[in-house]
Amino acid sequence: MKKIIALVLVINIILLGSAQVVGASEYALSPNDQLEINIIGQPDLTTKQVVTPDGTISLPVIGRIKVAGLTLSQLDEYLSSEFAKYIKKPKIIVYLTTRPIYIVQHDVRKNIWDIKEANSIEEARALAGKDYSGTIAYGETITVEVNKKPDWWEDNWYKVLTGVAVVAGVYATLNR
């Protein structure tokens with residue numbers, strides 16, 4: 001009985017693992033996707049590219065190509081056929097890397113905007129602050145406000161000192 005359960009678990013893992021690979025190869029590329037293109041045995045041609053807003057990337061030897069809408073397997077086939085014109089039997093590996101998360105922090109007190117890049121969801125949560133309760137996903141831009149509560153002393157210290165100086169001046173004048 002234990003062998004049957006173990007066999008069923010192994011089959012499920014294999015099927016789920018292959019389903020994830022098929023899902024990844026069917027992903028259609030879009031602007032801002034980050035690609036790492038490795039040509040085995042050709043380190044000078046290995047490159048990291050970000051799909052531009054018009055859906056293109058620029059590769060050594062081949063030049064600018066439109067990739068938006070292509071799946072990873074279609075891009076792999078296309079690059080193999082294009083690099084085959086210059087390299088005998090090229091072996092190409094295309095990695096889709098995660099898109100960064102941008103955190104736009106607005107300091108209300110100083111009226112300063114700061115943009116920070118996070119490479120993981122955990123890092124983005126830390127930059128967004130403990131009060132941020134929204135969802136965070138790769139490729140998003142999140143705007144948060146920092147220093148929401150004005151500091152009374154920081155905003156009014158000069159008024160207090162001026163008032164004390166005026167009162168001291170009036171007192172000194174009246175008690176001559």
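With the structure loaded, tell me whether THR47 is at pLDDT 85 or above and either touching a Phe, Trp or Tyr at 6+ places or on another chain (Cβ under 6 Å) or surrounded by fewer than 17 Cβ atoms within 10 Å (Cβ to Cβ) (or both) or whether it fails that test.
Spelling it out, THR47 is indeed at pLDDT 85 or above and either touching a Phe, Trp or Tyr at 6+ places or on another chain (Cβ under 6 Å) or surrounded by fewer than 17 Cβ atoms within 10 Å (Cβ to Cβ) (or both).
Would you mind stating whether ARG125 is over 30 Å from PRO60 (Cβ atoms), free of Cβ contacts under 8 Å to residues at least 12 places away in the same chain and surrounded by 12 or more Cβ atoms within 10 Å (Cβ to Cβ)?
Spelling it out, ARG125 is indeed over 30 Å from PRO60 (Cβ atoms), free of Cβ contacts under 8 Å to residues at least 12 places away in the same chain and surrounded by 12 or more Cβ atoms within 10 Å (Cβ to Cβ).
Please enumerate the residues belonging to the range 41-57 that are within 8 Å of PRO31 (Cα to Cα) and in a loop (DSSP other than H, G, I, E, B).
VAL51, THR52, PRO53, ASP54, GLY55
Report the residue count in the range 50-70 for those that are surrounded by 15 or more Cβ atoms within 10 Å (Cβ to Cβ) and under 23 Å from the mean Cα position of the chain (by Cα).
Of the residues in the range 50-70, 9 are surrounded by 15 or more Cβ atoms within 10 Å (Cβ to Cβ) and under 23 Å from the mean Cα position of the chain (by Cα).
Residues in the range 134-145: is at least one aromatic (Phe, Trp, Tyr), within 23 Å of LEU35 (Cα to Cα) and either more than 13 Å from the chain's Cα centre (by Cα) or outside the structural domain of ILE39 (by TED's automatic domain parsing) (or both)?
Yes - at least one qualifying residue is present in the range 134-145.
Here is a check on your reading of the model: is ASP107 loosely packed, with under 13 Cβ neighbours inside 10 Å and charged (D, E, K, R)?
no
The values are calculated or read from the model by the stated rules, or taken from the named source; none is laboratory data. Predicted model, so just to flag it, every value in this text is computed and none were measured. Positions of Cβ are generated from backbone atoms using ideal geometry, with glycine treated the same way; all protein chains shown enter the neighbour counts.
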